[in-house]
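Here is the structure we will look at, set down as structure tokens.
Values quoted throughout were computed directly from the atomic coordinates according to the rules given, and no laboratory measurement underlies them. Computed from a prediction, not measured in an experiment: that's the story for all the values here. Because the Cβ atoms are built from the backbone with ideal geometry, glycine has one as well, and the counts that use them run over all protein chains shown.
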Amino acid sequence: MTSAKSNFTSVSTVCDAPRLMRKFAWIAALVAVVMTGCATSRVTNLTVSRQPRNPSGVYPVEFAWDTSQQSIIEGSLKPYVVVGFDFYPMRPSLDIRNRFETVIPVSADKNTVTYHFKVDYEYRSFGKPEKSSKLSPSYRLDIQ
């Protein structure tokens, strides 16, 4: 046997695929962080936490929407207040930008109701618009 090395089986330093793939993964991760990390959206509950019981059994709720995401398509916001499994559509507050309101029913035998807000929207992406949504934390309304 000879111990001569052939060029066919020698290790080449021309192509270091694992190193290039790691570098590409880091660049892709950095781009993803920059693209998503700069855009934030926030739902701020403006509803008082205690309301007096009223004979109609409906109670107003409202929130403010604040976002720095410039890719959101104007007019695509569809806000809801969610009580249990029921979705109640919300409408923009009159003459106040990025505020939404509605009323929710609370039966006479209940003293509290837990709810949260959900905002569906579309945003510009590569190609066609994409859909997304933002959920708020849960809130509690006490009826006195």
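Remark: segment 50-144 is approximated by an ellipsoid whose semi-axes, taken from the C-alpha gyration tensor as √(5λ), come to 30, 13, 10 Å, largest first. Pairs exceeding 20 Å between alpha-carbon atoms, taken from LYS78/LYS118; LYS23/LYS131; LYS110/LYS134: LYS23/LYS131; LYS110/LYS134.
The local environment of LEU94, defined by Cβ-Cβ distances under 14 Å, has a net charge of 0 under the rule Lys, Arg +1 and Asp, Glu -1.
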